[in-house]
Amino acid sequence: MEMYAYIEDLASSKSAPGGGSAAAYAGSMGAALGNMVLNITIEKQKNADKELLSGLVAHMTAHQKNLFDLVKGDEEASTQLFDAYKLPKDSDEEKATRLQTIQDGLKIATEVPLDVMMNATHALEIMIQVAELGRKSVLADVTVGTSMLKTAVLAANENVVENVEYLKDAELAASFATQAEDFIARTHLATELIAKKLETR
């Protein structure tokens, strides 16, 4: 099974795929669960606002796909960074090339988890409406999907925090850190709102 082939790859001694890739995978599955609830509601809920729900499916699907693409994207970014660290550093020219390549790799390896955080956060904000409108029989899947999306945000942030420490461009590092903090704040707010919506159901 293709999914388990990925799990075996993740479990291997290779450096990539790693935690960032797994974060994207979790986020994609969380978004998919949100879509499942929406699609079941469209199909089975009487008097459901199908136009509204279908619009939510379209938005959630975009984030679901983006997150799935980032599973591979994070692996590629990590591999590029690891390869940069392996470059020769015998001469001054080699050292300068290696340093610049590492910095370029760190930038990409930070942008990718930030993209994971962005997509997962947006999916969580859609999940607020899923919690309010979804069919009651599948609301447990809203909870599971929410947990997976929140995990994606917090896990991807670990890579951001680690990478910004090594970026020599202080302004860029601060910008990345600020973006990550914003996504985390929005994630906590969204999960609180989802929980409140579910309590009223």
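What follows is calculated from the coordinates using simple rules that are stated; it is not laboratory data. The shown structure was predicted, so the numbers you read here are calculated from the model rather than taken from an experiment. Cβ coordinates were reconstructed from backbone atoms using ideal geometry, including for glycine residues, and neighbour counts include every protein chain displayed.
Once amide H atoms are built 1.01 Å from N in the peptide plane, which residues 5 or more positions from G18, or in another chain, come under 5 Å H to H?
none
Expressed as a rounded percentage, what relative contact order does segment 1-116 have, with Cα pairs under 8 Å and six or more residues apart? Intermediate values should be presented prior to the final figure.
Values: 103 pairs, mean separation 34.6, N = 116.
It rounds to 30 percent for segment 1-116.
Among E75, E162, what is the fewest-to-most ranking by other Cβ atoms within 10 Å? Write out the running numbers ahead of the final one.
Details: E75 22, E162 15.
The order, fewest Cβ neighbours first, is E162, E75.
Under unit Cβ charges (Lys, Arg +1; Asp, Glu -1), what dipole magnitude, rounded to 20 debye, does the chain have relative to its Cα centre?
On the way: 19 positive and 30 negative charges, 210 e Å.
Charge dipole, the chain, about its Cα centre: 1000 debye, nearest 20.
Just how large is the dipole of segment 30-106 about the Cα centre, in debye to the nearest 20, putting +1 at every Lys and Arg Cβ and -1 at every Asp and Glu Cβ?
Working: 9 positive and 13 negative charges, 104 e Å.
Result for segment 30-106 is approximately 500 debye, rounded to the nearest 20.
For the chain, with the dipole built from +1 on Lys and Arg beta-carbon atoms and -1 on Asp and Glu ones, taken about the Cα centre, which of A109, N157, L81 lies farthest toward the positive end?
Among A109, N157, L81, the one farthest towards the positive end of the dipole of the chain is N157.
Counting just the Cα atoms, what span does segment 88-201 cover along each of its three principal axes? Round to the nearest Å and put the largest first.
Here the spans come out as 66, 23, 15 Å, largest first.
Counting pairs of alpha carbon atoms under 8 Å apart in space and at least six apart in sequence, what relative contact order in percent does the chain give? Numbers along the way, then the final one.
Values: 273 pairs, mean separation 57.2, N = 201.
Taking the mean separation of contacting Cα pairs over the length of the chain, I get 28 percent.
Helix-only mean residue ellipticity at 222 nm, the chain, DSSP H runs n ≥ 4 weighted -39,500 (n - 2.57), per residue, nearest 500. What is it? Show your work: numbers first, answer last.
On the way: 6 runs with 171 residues, N = 201.
One gets -30500 deg cm²/dmol as the mean residue ellipticity at 222 nm.
Just checking my list (i) 10, 37, 34, 15, 4, 0; (ii) 9, 37, 39, 14, 1; (iii) 10, 31, 29, 18, 8, 3, 1, 0 against P(r) over Cα pairs in 10 Å bins from 0, in percent computed from this structure; which label fits?
(iii)
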